[in-house]
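What follows is a set of notes on a single structure, which appears directly below.
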Amino acid sequence: MDTEVILSYLPRYIEAFFLTIRIGFIGIGISLVLGVIVAFLIHFRIPVFSKIAGVYIELFRNTPLLVQLFFLYFGIPKIGIAIPANVCGALGLGLLGGSYMAEGFRSGLDSVPASQTESALALGMTRKQLFINVILPEAFALSVPATVANVIFLLKETSVFSAISLMDLMFTAKDLIGLYYNTTEALCMLVIFYITMLVPVSVIGNIVEKKVRFKMLGA
């Protein structure tokens, strides 16, 4: 292991790390918004839109992110719509993640006990109050474990961004290996930076899960 090589590579990895983080979390933000909307459409069985939402989930959950990125980056420009690589990365990750987040949120909505709904209505709550004060908080609390798992999964999926020439961590590692053949150093740094990115998310996610579980049990 050559320390000088590692130090010389460090600036490029740091730049790639922040690019990966930025695009990754933008994509995760898109996936959360999309997931909530799609979950509501399916849970409340809104005519036509619930069917479209179901097709969206099946389509994006059953195709690899790499294929989706190729379609956005290489396919869509064929009809005259050019999308920058960073936008493709965030959008592709958001569309993939939205299909997984939707299932997690829908599961949370479906898991709210009917007895709680009946009790809230018996206490004189309106449908609006019931939805905002009872159903939503409990549904989101129940979906926290799935959401945390999906966030970690999506951050790991950023490793395919290099396929559309984004200078992410994986692209940087492959580029440096191809140029200088210092494979061990390049791969070790790749692993270190991915661990640096994922471990804090995992730790924070575990803390949030425990707090949510404690509140639910306390309630």
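The values are calculated or read from the model by the stated rules, or taken from the named source; none is laboratory data. These numbers come from a predicted model, not from an experiment. Positions of Cβ are generated from backbone atoms using ideal geometry, with glycine treated the same way; all protein chains shown enter the neighbour counts.
Where helices (runs of 4 or more DSSP H) fall entirely within the stretch 1-98, those with at least 1 residues that are among the charged types (D, E, K, R) are at 3-43, 49-61.
For the stretch 80-116, the tally of residues that are more than 27 Å from Gly29 (Cβ to Cβ) and either exposed (fewer than 13 other Cβ atoms within 10 Å of the Cβ) or at pLDDT 90 or above (or both) stands at 4. Go over the candidates Lys215, Lys156, Lys211, Lys174 one by one and state the one that is within 17 Å of the chain's Cα centre (by Cα), surrounded by fewer than 17 Cβ atoms within 10 Å (Cβ to Cβ) and farther than 24 Å from Ile42 by Cβ. Result of the check over Lys215, Lys156, Lys211, Lys174: Lys156.
Does Ile14 fit the bill of being more than 15 Å from the chain's Cα centre (by Cα), β-branched (Val, Ile, Thr) and more than 30 Å from Asn182 (Cα to Cα)? No, not satisfied. Considering Thr126, Thr183, the condition of being hydroxyl-bearing (Ser, Thr, Tyr), more than 20 Å from the chain's Cα centre (by Cα), more than 30 Å from Thr3 (Cβ to Cβ) and surrounded by fewer than 19 Cβ atoms within 10 Å (Cβ to Cβ) is satisfied by Thr126 alone. Taking the numbered list (1) under 27 Å from Ile26 (Cα atoms); (2) part of a helix (DSSP H, G or I) in turn, Ser119 passes all entries but (1). For the stretch 48-71, residues that are farther than 24 Å from Thr147 by Cβ and in contact (Cβ under 8 Å) with a residue 60 or more places away in the chain total 1. With respect to the numbered conditions (1) more than 22 Å from Gly97 (Cα to Cα); (2) modelled with pLDDT of 85 or more, which one is the sole condition not fulfilled by Gln129? So Gln129 meets the others, but not (2).
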